[in-house]
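The values are calculated or read from the model by the stated rules, or taken from the named source; none is laboratory data. Everything numeric in this text was worked out from a predicted model, so none of it was measured. With ideal geometry, Cβ positions are generated from the backbone for all residues, glycine too; neighbour counts draw on all protein chains shown.
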Amino acid sequence: MTIARLFGILSLGLTLVSGAPLWADDTPGVVEPSPSEGAPGNFTFAAVVRRAQELATTGYEPDRPALPDYLADLDYDKYRDIRFDRKESIWKEEGLPFQMQLFPRGFLFKDRVTLNIIDGGVSQPVPFRHDLFDYGKNQVPQEMPADLGFAGMRLLYPINQDSVFDEVVVFLGASYFRGVSKGLNYGITARGLAIDTGLPTKEEFPVFREFWVRKPAQDAVDITLYALLDSESATGAYSFVIRPGIETVMDVKAHIFLRKSVQKLGIAPLTSMFFHGEDTDRFIDDFRPEVHDSDGLMVENGTGERIWRPLVNPVGLRVSDFVAENPKSFGVFQRDRNFSNYEDLEAHYQNRPSALIEPVGDWGKGVVELVEIPSNAERYDNIVAYWMPEQKPEAGEEWTLEYRLRFGQDLEAGMMGGHVIATRIGAAGTDILDPSRRKFVVDFAGESLAQLDPETEIEAVVTSTSGELSKPVAQANPETKGWRLFFELKPDGDKPADLRAFLRHGDDVLSETWSFRWVRE
């Protein structure tokens, strides 16, 4: 079970640290900034950037002090039995619009994370206390090490009801974090950074060593926190401005410093789960029609073309790149919101959020890379997507990026043109002597398509890198108020086929581009 999947189940975990102090004098929590950073004595993001830059000049040393056996030896159930005492929620007694709760170290979460609160420009660490937690049936002593630290934290906000504080963001496990919006459940996960994902060599998982959270004002609708990232190959300083609501929006700024050269630097990574769905081209023995947190990758490249790639659970590792110079956006979505397509009264997959990355400024040449990992159970997060620069990152370089991350139910409301709502694959059935032929049925929908006269002659443009295609047919679908595309593929032996399709009327492109890689499995 991955850390990302664990923290979705537990709402638990994260990582580490302390490190050298940021303070310019002997007063704890006080940073003396340069004139451009604000009033003297105020803690600023620039201080975190300086710390990350200094850290990159030294060797990587994880902050993982030994855990007592009564915490280190916990299994999943015993760790889950430890709960933060909600009466101890930070800012609860002050009646502020946000509250913060903490997570204990233990089980898989060995690293220590240092948490600080910025109040009136001054940063002070949150000390560990035994009585912050209810340890359930676990046998623990009354006295614990004062420097034990925490494993992560979560922020709460009255997102659904004015009088109820619900979780809206959890930071936990390596550089993983999640957001949830009004009426939805946790699902997709974000990360601070991905390094060497999908390579034969071991993937590197940077960790958020330390957090600084600004105390919110009485009328605050957003909250700001800073994070220090560290790993063998890179360090980073991150700023998050978080606004919960119908969409939960995070404005992210990142300064990344390379200790070492890396093969792949994954910017703004998203991690999710796809076990099986309507496009699954092999039998899955499950009473539920579909099981997934997300069903597709959307990429809007710098030219304005929008691409939709349905997710799959492959037999072998599958890595796909989509050219995206100065991308406008990319995201991993849960488009299917119909309960009857899941029939799961516990997981409620129809209520999982989509996540969209919107870069600020020009990111340059690069690709959005999709990594699909074989999985035999829904408990594994097997989907990763991120933007990767064309230029190979070298030791000593600094990368500065800014983006907006949105979690929500319908992040495409303002997008023009038809979009794919379903992809189905099956035997063609046209030639019993050639069972290798595969039939593809793709449904497009959207407001612009719904306004077309059903008698309109719509052209379907379909291409493949291998095999033979039948003549595609586009037909009005009264059930979806959209259009359905049919075509067949006769594979060329075992060669994979990269398929693309879109709808047009004359010179007008009416839909996004459907992209799919068919592989004989």
- For TYR186, all conditions in the list (1) part of a loop (DSSP other than H, G, I, E, B); (2) under 20 Å from LYS78 (Cα atoms) hold save one; what is the number of the exception? (2)
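Conditions tested, residue by residue: (1) touching a strand residue (DSSP E or B) at 6+ places or on another chain (Cβ under 8 Å); (2) touching a residue at least 12 places away in the same chain (Cβ under 8 Å); (3) among the aromatic types (Phe, Trp, Tyr).
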{"position": "MET153", "(1), (2), (3)": "yes, yes, no"}
{"position": "GLN161", "(1), (2), (3)": "no, no, no"}
{"position": "VAL164", "(1), (2), (3)": "yes, no, no"}
{"position": "LEU199", "(1), (2), (3)": "no, yes, no"}
{"position": "LYS202", "(1), (2), (3)": "no, no, no"}
{"position": "GLU210", "(1), (2), (3)": "yes, yes, no"}
- Query: In the stretch 287-302, which residues are assigned to a loop (DSSP other than H, G, I, E, B) and either of a type in the set (Lys, Arg) or within 24 Å of VAL180 (Cβ to Cβ) (or both)?
  - Reply: ARG288, GLU290, ASP293, SER294, ASP295
- For the stretch 449-467, what are the residues that are at pLDDT 95 or above, out of contact with any Asp or Glu (no Cβ under 6 Å at 6 or more places or on another chain) and among the polar types (S, T, N, Q)? THR463, SER464
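Filter the stretch 151-171 down to the residues that are touching a Ser or Thr at 6+ places or on another chain (Cβ under 8 Å) and either hydrophobic (A, V, I, L, M, F, W, C) or not assigned by TED's automatic domain parsing to the domain that holds PHE333 (or both) and list them by number. It would help to see each step written out before you state the result.
Looking only at the stretch 151-171, we keep the residues that are touching a Ser or Thr at 6+ places or on another chain (Cβ under 8 Å), and these are 151-152, 154, 156, 159, 165, 167-170.
Scanning the stretch 151-171 gives ALA151, LEU156, ILE159, PHE165, VAL168, VAL169, VAL170.
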- Item | Yes/no for VAL221 being in a loop (DSSP other than H, G, I, E, B), over 16 Å from the mean Cα position of the chain (by Cα), in contact (Cβ under 8 Å) with a residue 24 or more places away in the chain and farther than 30 Å from LEU156 by Cβ | no
- Output yes when any residue across the stretch 508-518 is in a loop (DSSP other than H, G, I, E, B) and either surrounded by fewer than 16 Cβ atoms within 10 Å (Cβ to Cβ) or without any contact (Cβ under 8 Å) to a residue 40 or more places away in the chain (or both), and no when none is. no
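Restricting attention to the stretch 254-286, which residues are among the aromatic types (Phe, Trp, Tyr) and either assigned to a strand (DSSP E or B) or crowded, with 22+ Cβ neighbours inside 10 Å (or both)?
Our first condition is that a residue be among the aromatic types (Phe, Trp, Tyr); within the stretch 254-286, this holds for 257, 274-275, 283.
Answer for the stretch 254-286, where residues must be among the aromatic types (Phe, Trp, Tyr) and either assigned to a strand (DSSP E or B) or crowded, with 22+ Cβ neighbours inside 10 Å (or both): PHE257, PHE274, PHE275.
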- Have a look at GLU358, GLU343 and point out the one that is more than 26 Å from LEU193 (Cβ to Cβ) and not polar (S, T, N, Q). GLU343
- Restricted to the stretch 247-263, and to residues that are out of contact with any Gly (no Cβ under 7 Å at 6 or more places or on another chain) and among the β-branched types (Val, Ile, Thr), which residue is farthest from PHE171 (Cα to Cα)? VAL262
- Query: In the stretch 177-197, which residues are of a type outside the set (A, V, I, L, M) and either without any contact (Cβ under 8 Å) to a residue 12 or more places away in the chain or over 16 Å from VAL249 (Cα atoms) (or both)?
  - Reply: ASP196, THR197
- Task: Those residues that are of a type in the set (A, V, I, L, M) and surrounded by 19 or more Cβ atoms within 10 Å (Cβ to Cβ), I need them from the stretch 293-336; list them, please.
- Result: LEU297, MET298, VAL299, ILE307, LEU311, VAL312, ALA324, VAL332
- Message: Anything in the stretch 382-398 that is in a loop (DSSP other than H, G, I, E, B), among the charged types (D, E, K, R) and touching a strand residue (DSSP E or B) at 6+ places or on another chain (Cβ under 7 Å)? List them, or say none.
- Response: GLU390, GLU394, GLU397
- Query: Quick check: is even one residue across the stretch 449-465 in contact (Cβ under 8 Å) with a residue 60 or more places away in the chain, of a type in the set (A, V, I, L, M) and not in a loop (DSSP other than H, G, I, E, B)?
  - Reply: yes
- Item | Selection within the stretch 52-102 - at positive phi and either touching a strand residue (DSSP E or B) at 6+ places or on another chain (Cβ under 8 Å) or of a type in the set (Lys, Arg) (or both) | TRP91
- Query: Of everything in the stretch 474-507 that's free of Cβ contacts under 8 Å to residues at least 24 places away in the same chain and in a loop (DSSP other than H, G, I, E, B), which residue is nearest to the chain's Cα centre (by Cα)?
  - Reply: GLU479
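How about the stretch 402-448: which of its residues are hydroxyl-bearing (Ser, Thr, Tyr), in a strand (DSSP E or B) and either more than 30 Å from LYS253 (Cβ to Cβ) or modelled with pLDDT under 95 (or both)?
Of the stretch 402-448, the ones hydroxyl-bearing (Ser, Thr, Tyr) are 403, 423, 430, 436, 448.
Imposing the further condition that a residue be in a strand (DSSP E or B) reduces the set to 403, 423.
Residue satisfying the conditions is THR423 alone.
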- Query: Scanning for something over 26 Å from SER436 (Cβ atoms), assigned to a loop (DSSP other than H, G, I, E, B) and at pLDDT 95 or above, does the stretch 303-314 turn up at least one residue?
  - Reply: no
